[in-house]
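Participant: One structure, pasted below without further comment.
The values are calculated or read from the model by the stated rules, or taken from the named source; none is laboratory data. From a predicted model like this one, the values you see are computed outputs, not experimental measurements. Cβ placement follows ideal geometry from the backbone for every residue including glycine, while neighbour counts extend to all protein chains displayed.
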Amino acid sequence: MFDYDSELARYQERLWDALDIHPGDRVLDIGCGTGQTTRRAARAASPGTALGIDVSDRMLARARDQAEAEGLDNVGFVRADAQAHAFAPEQFTVGVSRFGTMFFADPIAAFANIGRALRPGAPFVQLVWQARDRQEWATAIRAALATGHPMSTSAGEADAAFALADPDLAVGVLTAAGFTAVDVVDVREPVYYGPDADHACAAVLGLLIARDPLADLDTASAERARDRLRATLDAHDTGDGVWFDSRAWLITARRR
């Protein structure tokens, strides 16, 4: 499983700086993954609670194991689609998402459903990726795997990651879904892919951004592409890990 917590470590701190969680809060974490943000929120909210929701069984299993290991009894995790999940109305005082809100089939419906779970005036803080061409991790890996012919853009999760890249679109969606005071801030941080090029290569090859292009190649071409990828990752090895530049939007809003 790809280590998104390590990849997004710099963004985790930017997200946390924008949050204002107090003891007694009830926090909802959308697209919680392995639960790093959820668990941190649970500690800050105690004696309140934190709930993480995600569609990945594997990630949620790790989240639950880690919460148990940390002795947290005020955190929970639910496998469900936040777009349609039947949340109790006005249950949560804070909403948060670290790159977990870009994948909805119907964003307005999804954010409206999330909004109904928040109390009136509750803050919702999220990070989403800016456009693909502002992501060195995406452009450099894509270029390394290119064969000289135009590459088809992968469907599904790989493209959906940029679904809220247009800040005007994001503001419009949230406003239509019942949020107010929507603010979008440009955030730029490097993302981490591993301690060295070998570890980074193994991690990247498990992602859609690499799997889809390689699946279309014959054996020899795929091997050459992997060699180019390894060279690209080696070039981004700073001596303190493999890092790529990236840009995100930090979006804050309040439930109307």
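Participant: Identify the single condition in (1) touching a residue at least 60 places away in the same chain (Cβ under 8 Å); (2) buried (at least 20 other Cβ atoms within 10 Å of the Cβ); (3) of a type in the set (F, W, Y); (4) farther than 26 Å from E223 by Cβ that F162 does not satisfy, given that it satisfies every other one.
Facilitator: Every condition holds for F162 apart from (2).
Participant: Something else now. A63: buried (at least 22 other Cβ atoms within 10 Å of the Cβ) and either outside any loop (DSSP other than H, G, I, E, B) or at pLDDT below 95 (or both), yes or no?
Facilitator: yes
Participant: Tell me, which helices (runs of 4 or more DSSP H) lie completely within the stretch 158-224 with 1 or more residues that are over 22 Å from A105 (Cβ atoms) and in contact with an Asp or Glu (Cβ under 7 Å, 6 or more places away or on another chain)? Explain how you work it out, then say what you get.
Facilitator: Details: elements: 167-176, 197-204, 208-215.
In the stretch 158-224, 197-204 are the helices (runs of 4 or more DSSP H) which contain 1 or more residues that are over 22 Å from A105 (Cβ atoms) and in contact with an Asp or Glu (Cβ under 7 Å, 6 or more places away or on another chain).
Participant: What pairs can you find where one residue is in the stretch 56-82 and of a type in the set (K, R), the other is at pLDDT 95 or above, and their Cβ atoms are less than 7 Å apart, with a gap of 6+ or different chains?
Facilitator: Note: pairs meeting the criteria are R62/T34; R64/F77; R79/D54; R79/V55; R79/D57; R79/L60.
Participant: Restricting to the stretch 39-49, and then to whatever is closer than 10 Å to G24 by Cα and small (G, A, S), can you tell me which residue is nearest to the chain's Cα centre (by Cα)? It would help to see each step written out before you state the result.
Facilitator: Step one: of the stretch 39-49, the residues closer than 10 Å to G24 by Cα are 42, 44-49.
Adding the requirement that they be small (G, A, S) leaves 42, 44-46, 48.
On the way: A42: 19, A44: 21, A45: 22, S46: 25, G48: 24 Å.
Only one residue tops the list, namely A42.
Participant: If G48 meets every condition in (1) free of Cβ contacts under 8 Å to residues at least 60 places away in the same chain; (2) within 23 Å of F103 (Cα to Cα) apart from one, which number is that one?
Facilitator: Only one criterion in (1) free of Cβ contacts under 8 Å to residues at least 60 places away in the same chain; (2) within 23 Å of F103 (Cα to Cα) is unmet by G48, namely (2).
Participant: Then there is this: Select from the stretch 17-59 the residues that are β-branched (V, I, T) and in contact with an Asp or Glu (Cβ under 9 Å, 6 or more places away or on another chain) and write down the one among them that is farthest from L118 (Cα to Cα). Spell out the reasoning first.
Facilitator: Pass one, the stretch 17-59, residues β-branched (V, I, T): 21, 27, 30, 34, 37-38, 49, 53, 55.
Among the residues that remain, those that are also in contact with an Asp or Glu (Cβ under 9 Å, 6 or more places away or on another chain) are: 30, 34, 37-38, 49, 53, 55.
Working: I30: 12, T34: 22, T37: 18, T38: 16, T49: 14, I53: 14, V55: 20 Å.
Selected residue: T34.
Participant: Specify the residue that is surrounded by the most Cβ atoms within 10 Å (Cβ to Cβ); the eligible residues are those in the stretch 217-255 that are free of Cβ contacts under 8 Å to residues at least 40 places away in the same chain and of a type in the set (G, A, S).
Facilitator: Only one residue tops the list, namely A222.
Participant: For the stretch 91-121, how many residues meet the condition of being of a type outside the set (V, I, T), over 27 Å from E189 (Cα atoms) and not in a helix (DSSP H, G or I)? Spell out the reasoning first.
Facilitator: Narrowing the stretch 91-121 to residues of a type outside the set (V, I, T): 91-92, 95, 97-100, 102-107, 109-113, 115-121.
Subset that is over 27 Å from E189 (Cα atoms): 91-92, 105-106, 109-110, 112-113, 115-121.
With not in a helix (DSSP H, G or I) added as a condition, the list becomes 91-92, 105-106, 118-121.
Selection size over the stretch 91-121: 8.
Participant: I would also like to ask the following. Looking at A88, A82 in this structure, which one is modelled with pLDDT of 95 or more, of a type in the set (A, V, I, L, M, F, W, C), assigned to a loop (DSSP other than H, G, I, E, B) and surrounded by 23 or more Cβ atoms within 10 Å (Cβ to Cβ)?
Facilitator: Values: A88 fails: surrounded by 23 or more Cβ atoms within 10 Å (Cβ to Cβ).
Being modelled with pLDDT of 95 or more, of a type in the set (A, V, I, L, M, F, W, C), assigned to a loop (DSSP other than H, G, I, E, B) and surrounded by 23 or more Cβ atoms within 10 Å (Cβ to Cβ) holds for just one of A88, A82, which is A82.
Participant: Being out of contact with any Leu (no Cβ under 7 Å at 6 or more places or on another chain) and either crowded, with 22+ Cβ neighbours inside 10 Å or part of a loop (DSSP other than H, G, I, E, B) (or both) is the filter here, so list the residues in the stretch 1-25 that pass it. Let's see the steps before the verdict.
Facilitator: Our first condition is that a residue be out of contact with any Leu (no Cβ under 7 Å at 6 or more places or on another chain); within the stretch 1-25, this holds for 1, 3-10, 12-13, 16-17, 19-25.
Within the stretch 1-25, M1, D3, L8, L19, D20, I21, H22, P23, G24, D25 meet the criteria.
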